[in-house]
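Okay, so here's the structure we're looking at.
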Amino acid sequence: MAVREVLIDPDPRLREVCPPVEVFDDAFRERMADLIDTFQENQWIGLSAPQLGLLERVLVIDVSENRDAMEVFVNPEVLQASRQAIVEESCASVPGVEGKVMRATRLHVRAQDLNGQYFDAALNDMRAVCLQHELDHLDGKLFVDRLPFWRRWRRKLSAG
Ligand code: NI
């Protein structure tokens with residue numbers, strides 16, 4: 001188990017579409033222990049495996065105040081999404097940028113746990129928003145891709 005460095009945009013690994021997890025063995029769970037250690041150490045509300053260079057469909061979230069409600073989603077799929085809202089987001093892989101994006105605030109998700117067991121979950125509000133942000137990472141997308149075009153343009157200019 002180890003805390004790892006988080007990849008920073010424009011690292012090309014952040015742009016990969018991650019393949020599903022098919023083998024739920026000890027080596028997999030050891031890699032995911034690094035994901036969880038890094039997540040807990042930094043006290044983020046969400047983290048995805050590709051942000052550590054692990055190109056597999058796993059994300060972890062915890063939006064609780066006491067950080068006692070960590071949830072791991074392997075191969076998550078959104079079954080239903082509703083109640084769109086504008087929310088403010090930021091991302092450890094895109095330091096120094098905040099922006100408002102549109103997200104569903106009600107979600108039904110099907111996923112697997114670290115042993116491959118399937119479960120369904122209903123998520124609301126912050127928990128739903130956080131899951132969608134991390135799910136984007138599994139598809140090689142960053143929240144800045146969802147900002148209005150003029151914000152992306154301005155960012156490009158300042159990036160040189
Ligand atoms: Ni992020």
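The values are calculated or read from the model by the stated rules, or taken from the named source; none is laboratory data. Remember, it's a predicted structure, so these values are computed and weren't measured experimentally. No Cβ is skipped: glycine too gets one built from the backbone with ideal geometry, and neighbour counts run over all protein chains shown.
See the values below:
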quantity	calculated
Test: R67 is in contact with a Leu (Cβ under 7 Å, 6 or more places away or on another chain), touching a residue at least 12 places away in the same chain (Cβ under 8 Å) and either outside any helix (DSSP H, G or I) or not charged (D, E, K, R) (or both)	no
Test: residue in the stretch 20-34 that is under 26 Å from R127 (Cβ atoms), modelled with pLDDT under 95 and in a loop (DSSP other than H, G, I, E, B)	no
Selection status of D11, within 16 Å of the ligand (Cβ to nearest atom) and either closer than 22 Å to A122 by Cβ or of a type in the set (D, E, K, R) (or both)	yes
Test: residue in the stretch 103-112 that is within 26 Å of M32 (Cβ to Cβ), touching a residue at least 40 places away in the same chain (Cβ under 8 Å), within 16 Å of the ligand (Cβ to nearest atom) and touching a Phe, Trp or Tyr at 6+ places or on another chain (Cβ under 9 Å)	no
Residue that is farthest from the chain's Cα centre (by Cα), among those in the stretch 43-71 that are aliphatic (A, V, I, L, M) and more than 16 Å from the ligand (Cβ to nearest atom)	A69
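Here is a yes/no grid of residues against (1) buried (at least 20 other Cβ atoms within 10 Å of the Cβ); (2) touching a strand residue (DSSP E or B) at 6+ places or on another chain (Cβ under 9 Å); (3) on the phi > 0 side of the Ramachandran plot:
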{"residue": "Q80", "(1), (2), (3)": "no, yes, no"}
{"residue": "I86", "(1), (2), (3)": "no, yes, no"}
{"residue": "C91", "(1), (2), (3)": "yes, yes, no"}
{"residue": "V94", "(1), (2), (3)": "no, no, no"}
{"residue": "V97", "(1), (2), (3)": "no, yes, no"}
{"residue": "D113", "(1), (2), (3)": "no, yes, no"}
{"residue": "Q117", "(1), (2), (3)": "no, no, no"}
{"residue": "H133", "(1), (2), (3)": "yes, yes, no"}
{"residue": "L138", "(1), (2), (3)": "yes, yes, no"}
